[in-house]
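Since the structure comes first, as structure tokens, the remarks are kept for the end.
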Amino acid sequence: MADDDYVYDEASGEWISAADAAAQPDASAAVEVRDSVGNLLADGDQVTLIKDLTVKGAGQTLKRGTLIKSIRLTGDAQEIDCRYDGIKGLVLRAEFVRKR
């Protein structure tokens, strides 16, 4: 990028120079997501539910002890994105899972 290029910074809502944007640290890498007992979670981890959870819109209840494989961090310290059979776009709160 040239010196006169500008990019839109969604976090601040302002246009900043490309050099300033490259110098800013990635905000999603700075967020630490911890499970119910304080273990640090990372992308690809396996977690187990510690409580029965009713899934809104799916008409299902995920039972305590259900294994969720290959989670993804969302950038929010309290939410993780995951997949489960028959449920698309499942987002769980980190306080209801334990790292396996």
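The values are calculated or read from the model by the stated rules, or taken from the named source; none is laboratory data. Note that the coordinates shown come from a computational prediction; the quantities given were computed from them, not determined experimentally. Positions of Cβ are backbone-derived with ideal geometry, glycine not excepted, and every protein chain shown enters the neighbour counts.
Look at segment 47-74 and say how many of its residues are assigned to a loop (DSSP other than H, G, I, E, B) and within 19 Å of Gly89 (Cβ to Cβ). Residues in segment 47-74 being assigned to a loop (DSSP other than H, G, I, E, B) and within 19 Å of Gly89 (Cβ to Cβ): 9 in total.
Report yes if some residue within segment 26-33 is of a type in the set (D, E, K, R), modelled with pLDDT under 85 and part of a loop (DSSP other than H, G, I, E, B); otherwise report no. Taking every residue of segment 26-33 in turn, at least one turns out to be of a type in the set (D, E, K, R), modelled with pLDDT under 85 and part of a loop (DSSP other than H, G, I, E, B). A Cβ distance below 8 Å, combined with a sequence gap of six or more or placement on separate chains, defines the contacts here; from segment 4-22, residues that are hydroxyl-bearing (Ser, Thr, Tyr) reach residues that are in a helix (DSSP H, G or I) in the pairs Tyr6/Ala18. Residue pairs whose Cβ atoms lie under 8 Å apart, sitting 6 or more positions apart in sequence or on different chains, and linking a residue in segment 77-100 that is among the β-branched types (Val, Ile, Thr) to a partner that is modelled with pLDDT under 90 and not in a strand (DSSP E or B), are Ile87/Ala58. Does segment 53-69 contain at least one residue that is touching a residue at least 60 places away in the same chain (Cβ under 8 Å) and not assigned by TED's automatic domain parsing to the domain that holds Glu10? No, segment 53-69 contains no residue that is touching a residue at least 60 places away in the same chain (Cβ under 8 Å) and not assigned by TED's automatic domain parsing to the domain that holds Glu10.
The rows are residues; the columns are (1) closer than 30 Å to Asp5 by Cα; (2) surrounded by 15 or more Cβ atoms within 10 Å (Cβ to Cβ); (3) touching a strand residue (DSSP E or B) at 6+ places or on another chain (Cβ under 8 Å).
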{"residue": "Ser36", "(1), (2), (3)": "no, yes, yes"}
{"residue": "Val47", "(1), (2), (3)": "no, yes, yes"}
{"residue": "Lys63", "(1), (2), (3)": "no, no, yes"}
{"residue": "Leu67", "(1), (2), (3)": "no, no, yes"}
{"residue": "Asp85", "(1), (2), (3)": "no, no, no"}
{"residue": "Lys88", "(1), (2), (3)": "no, no, no"}
{"residue": "Leu92", "(1), (2), (3)": "no, yes, yes"}
